[in-house]
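The values are calculated or read from the model by the stated rules, or taken from the named source; none is laboratory data. Every value quoted in this text rests on a predicted model; they were computed, and no experiment measured them. All Cβ positions, glycine included, derive from the backbone under ideal geometry; neighbour counts span all protein chains shown. In case anyone asks, the SASA skips ligands and DNA or RNA and just uses the protein heavy atoms, side chains included. Shrake-Rupley method; radii C 1.70, N 1.55, O 1.52, S 1.80 Å.
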Amino acid sequence: MMKNGNKNNKEAQFIKHKCDHATYELHLCRPEKKNAINTAMYQELAETILSLEDQPAVKVLIITGSHGNFTSGNDLKDFMTSVNSSTDATPILSFMNALKNFSKPVIAAVEGFAIGIGTTLLLHCDLVYAKQDVIFKLPFVSLGLCPEYASSLLLPAIAGYAKASEWLLLGKAFSAEEALAAGMINRITDNPLALSRETAKEIEQLPPRAVQRTKALLKQAMHAKVDEVMYKEAELFSTALTEKEFITAATRFLKK
């Protein structure tokens, strides 16, 4: 049964929660903004993921969007009103760390727009299923910003330097077929959420300790480097948020 997360938080309507046996689902649900994520949503996502770590009954997490989109990325208006040049624990970094360090399998079901963090968060998921219509895009440079969430490390490692440069420097949109060919997603399907749920049921039947140990082993080689790069990116990203390049680009974008 679908429910809101924190009923006392007016932003809770933007994150829908569903728990079916051992699978927990988080649905980004802000259709009028194509599921753009603001700081309150990041905080709720972080708190939920951290709470699931200590729930043995939950064995799999699915992250998805709603109303035909995954997410259009960060809410720029929210960014501009909550600029902070500090790299201390912010809701965004709290979410990044919670997802990056989550010990249980994470499956992403993606359709429509997957912009900015809508693409970079997929690099920290274990399985990604995408619809044919997905538009991936990393428009950081065009906004006067830099890559985030260790994407400057993970994208070249997954897709190769040439393709990562094209996606990060030029910010060109790319398709599900390109993402699949680059090894960024697992499969293209007509119904990503249905396939995610089928896969989650398979995982639920596996020995949970073996699953978590295998995930940890798969991540261990890059773990320390991911942390290092992620925080370096966050430092540069936070500085850029206070600079004229971002303010000018974001203002122009919001006027469209």
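If Val58 satisfies all but one of (1) in contact with a Phe, Trp or Tyr (Cβ under 9 Å, 6 or more places away or on another chain); (2) open to solvent by less than 10 Å² (accessible area, probe 1.4 Å); (3) not in a loop (DSSP other than H, G, I, E, B), what's the number of the condition it fails?
Every condition holds for Val58 apart from (3).
Go through region 32-62 and count every residue that is touching a Gly at 6+ places or on another chain (Cβ under 8 Å) and more than 17 Å from Asn97 (Cα to Cα).
Result for region 32-62: 3.
Within the bounds of region 87-105, is there any residue that is at pLDDT 95 or above, part of a strand (DSSP E or B), surrounded by 20 or more Cβ atoms within 10 Å (Cβ to Cβ) and not hydroxyl-bearing (Ser, Thr, Tyr)?
No, region 87-105 contains no residue that is at pLDDT 95 or above, part of a strand (DSSP E or B), surrounded by 20 or more Cβ atoms within 10 Å (Cβ to Cβ) and not hydroxyl-bearing (Ser, Thr, Tyr).
Output the residue which, of all residues in region 215-250 that are in contact with a Leu (Cβ under 9 Å, 6 or more places away or on another chain) and β-branched (Val, Ile, Thr), is modelled with the lowest pLDDT.
Ile247
Just the residues that are outside any helix (DSSP H, G or I), open to solvent by less than 10 Å² (accessible area, probe 1.4 Å) and under 19 Å from Ala249 (Cβ atoms), please, taken from region 111-137.
The answer is Gly116, and nothing else.
Among the listed residues Ser165, Ser151, which satisfies the condition of being open to solvent by less than 20 Å² (accessible area, probe 1.4 Å), of a type in the set (S, T, N, Q) and modelled with pLDDT of 95 or more?
Ser151
For residues that are more than 23 Å from His67 (Cα to Cα) and among the aliphatic types (A, V, I, L, M), scanning just region 185-208, find the one that is least open to solvent (accessible area, probe 1.4 Å).
Ranking the candidates gives Ile203 first.
Filter region 215-254 for residues that are surrounded by 14 or more Cβ atoms within 10 Å (Cβ to Cβ) and farther than 30 Å from Thr81 by Cβ and give the result.
Residues satisfying the conditions are Lys215, Lys219, Met222.
Check region 70-77 and report whether any residue there is open to solvent by 10 Å² or more (accessible area, probe 1.4 Å), at pLDDT 95 or above, assigned to a loop (DSSP other than H, G, I, E, B) and within 23 Å of Glu148 (Cα to Cα).
yes
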